[in-house]
Amino acid sequence: MINIKNLSFSYKKQRKLFDSLSMELTPGSIAGLLGKNGAGKTTLLKMVSGILFPDSGELSVMGHQPAARKPSFLSDVFFVPEEFYLPSTSIRLYIKANSPFYPSFDSVLMTRLLNEFELEQENIIDQMSYGQKKKFLISFALATKCKLLILDEPTNGLDIPSKILFRKIMAGNLDDDQLVVISTHQVKDIETLIDTIIIVDNGSIILHKDIASITQQLHFTNSTVAEKEDILYSEAVPGGYRIITRQRNEESQIDIELLFNAVTKGKSLFNTSPTQAV
Amino acid sequence: MNNTFSLSRFVLLFRQSWLHNTRLIWLAITGYCGLLLLLLLLFQASQNFELRSVEPYQALFVVIFIAGGVICAGSSFTAFRSKEKTYAYLMVPASPAEKFAVELILRVVLFVVLVPVLFYLIYLIEGSLVKALAEGYDLKASELFEFPSLPVHPAGMKGTWLTLFISLLSSIFIIPFTGSVAFAKSPLIKTLFTLAILIIINGLLIYFFAEIANFKNYEPAEKGLLFIDSPESALTAVTWFVVLMDAGLLAGAYFKLKEKEA
């Protein structure tokens, strides 16, 4: 669905943010795009959405060049930015004005999601809190049934119950032909949601793997020692260490934060190429 | 799917703009009508309800039409004033041609149609009120849009003069309209500033060629300079210049919109 080959990008009068970036993403998954501040996560999402143009390289989304911003492309992509604008109108009027642009818009789902997020159709969007606006926009994005949903920091501003609800709603309302790309710093919020991890650092993708393949190769656990023969990476935590080892044929829950720190510190965790496509 | 221009999508976009801005549009219309009525009544009251000439009304109309038009066209593409609005606008599933057309109609065409109509209605209402208050007041309803003091009356214009008049009138709207796409922050101020600089540069160039290079005394042996050899051909040249400038500015605005990034 998303094919990127040798993509380069730089902002005016700044050094290159991406140089020869390549990546491929297929439908039917929820990908978590992780990276440090300024790594270029949002920029990459903007290029995929077509609101920023790459300097060179190939970028194809569902067979379209996003920069052309053709209506047939835009009606299948929904971008929820971290900072967004919503007009001063009611939820009902917003839906009435914007849903016809999306041919697969599911009004029944929209109503159900609004109920789950406890939002009223007659609420004036302008008068809602940031978290409520975000919940509304996420609901609208899901109801569009767009093939590609791009969410930039979707859990920012959501309270704890809303974050739990967000995960539940995301997990239960996606079709097999949809692809969701979530960019976030708050990895704990999406740890149980994503099935693919992409880590961006210094203008390139340093990890692109699905969760299943990571847990097949790595084991995440606690230890009282930081250094041992089979420990690939360790971090001090209260009462000991969180460690990553090679798979010990034991089940373990992936610790994305630990994995992220290990990968961005240049630890070699995998035998295969880190930029391998899924 | 037609990705260049679809009438149904154009209608949807128009409807979206209307639904998002219903309150604002009604507020603007009510505000304009209310203020205008108040202004006209105060104007009449200051003249002890003895104002009989339509010329002050015409002057006010011209000021409102030009100043309002510049402000209205200069505030087109409000989405480009902030990054968040720009994301939302660029991601609306409509083509640049549809977005361009909706904006042009909302900010220029509707203004050109609505403002004179509303002005005329308020003029009639005010006239009727004054007639009820002052004896002998004669409402000259049909004279409002007659401009006897102009050397060439708009209704009587033909051919090149008419083209020039329409083109110059269009420029009043097209220049700020283009500026609103080209400049993200304070577009109207920047447009007027750029325009002022261009006019000054042109003035200096004319001064240089005419006075310093002494072109004003240039007398070609046979015909006039280039193809301009009579007042008529000078008028045609100026008209062509204004028409091409308007077309170029509109094309520039369209391509700027198409290439807009956030």
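Taking segment A:187-206 as the range and being in contact (Cβ under 8 Å) with a residue 40 or more places away in the chain and closer than 29 Å to residue A:165 by Cβ as the test, the residues that pass are A:187, A:188, A:190, A:191, A:193, A:194, A:195, A:196, A:197, A:198, A:199, A:200.
Take the conditions within 20 Å of the chain's Cα centre (by Cα) and modelled with pLDDT under 80 and apply them to residue B:227. Does it pass? The answer is no for residue B:227.
The residues of segment B:112-149 that are β-branched (Val, Ile, Thr) and either open to solvent by less than 30 Å² (accessible area, probe 1.4 Å) or touching a helix residue (DSSP H, G or I) at 6+ places or on another chain (Cβ under 6 Å) (or both), listed by number, are B:115, B:122, B:130.
When residue A:181 is tested against (1) open to solvent by 60 Å² or more (accessible area, probe 1.4 Å); (2) outside any helix (DSSP H, G or I), just one condition goes unmet, and that condition is (1). Close contacts from segment B:58-78, counting a first residue that is at pLDDT 90 or above and a second that is in a loop (DSSP other than H, G, I, E, B), with Cβ to Cβ under 8 Å and a gap of 6+ residues or different chains, come to B:61/B:144. A count restricted to segment B:15-47 and to residues that are more than 14 Å from every other protein chain (Cβ to nearest Cβ) and either touching a residue at least 60 places away in the same chain (Cβ under 8 Å) or among the aliphatic types (A, V, I, L, M) (or both) stands at 14. Checked against the criterion of being of a type in the set (Lys, Arg) and open to solvent by 30 Å² or more (accessible area, probe 1.4 Å), the candidates B:9, B:23 yield just one match: B:23. Residues that are free of Cβ contacts under 8 Å to residues at least 12 places away in the same chain and not in a helix (DSSP H, G or I) do occur in segment B:240-259, at least one of them. Applying the criterion of being of a type outside the set (A, V, I, L, M) and farther than 16 Å from residue A:100 by Cα to the residues of segment B:86-98, the residue that is surrounded by the fewest Cβ atoms within 10 Å (Cβ to Cβ) is B:86. Yes or no: segment B:101-111 includes at least one residue that is open to solvent by less than 60 Å² (accessible area, probe 1.4 Å), within 14 Å of chain A (Cβ to nearest Cβ) and part of a helix (DSSP H, G or I). Yes; the residues of segment B:101-111 include at least one that is open to solvent by less than 60 Å² (accessible area, probe 1.4 Å), within 14 Å of chain A (Cβ to nearest Cβ) and part of a helix (DSSP H, G or I). Counting only strands (runs of 3 or more DSSP E) wholly contained in segment A:1-115, the ones carrying 2 or more residues that are within 14 Å of chain B (Cβ to nearest Cβ) and touching a Cys at 6+ places or on another chain (Cβ under 6 Å) occupy A:77-80.
Among the conditions (1) within 14 Å of chain A (Cβ to nearest Cβ); (2) modelled with pLDDT of 90 or more, the only one that residue B:193 does not satisfy is (1).
Does at least one position in segment B:53-74 carry a residue that is within 27 Å of residue A:52 (Cα to Cα) and either part of a helix (DSSP H, G or I) or within 14 Å of another protein chain (Cβ to nearest Cβ) (or both)?
yes
The values are calculated or read from the model by the stated rules, or taken from the named source; none is laboratory data. Note that the structure is predicted; figures quoted are calculated from it, not measured. Reconstructed Cβ throughout: ideal geometry from the backbone, glycine too, with neighbour counts over all protein chains shown. Calculation scope for accessible area: heavy atoms of the full protein, side chains included, ligands and nucleic acids excluded. Shrake-Rupley method; radii C 1.70, N 1.55, O 1.52, S 1.80 Å.
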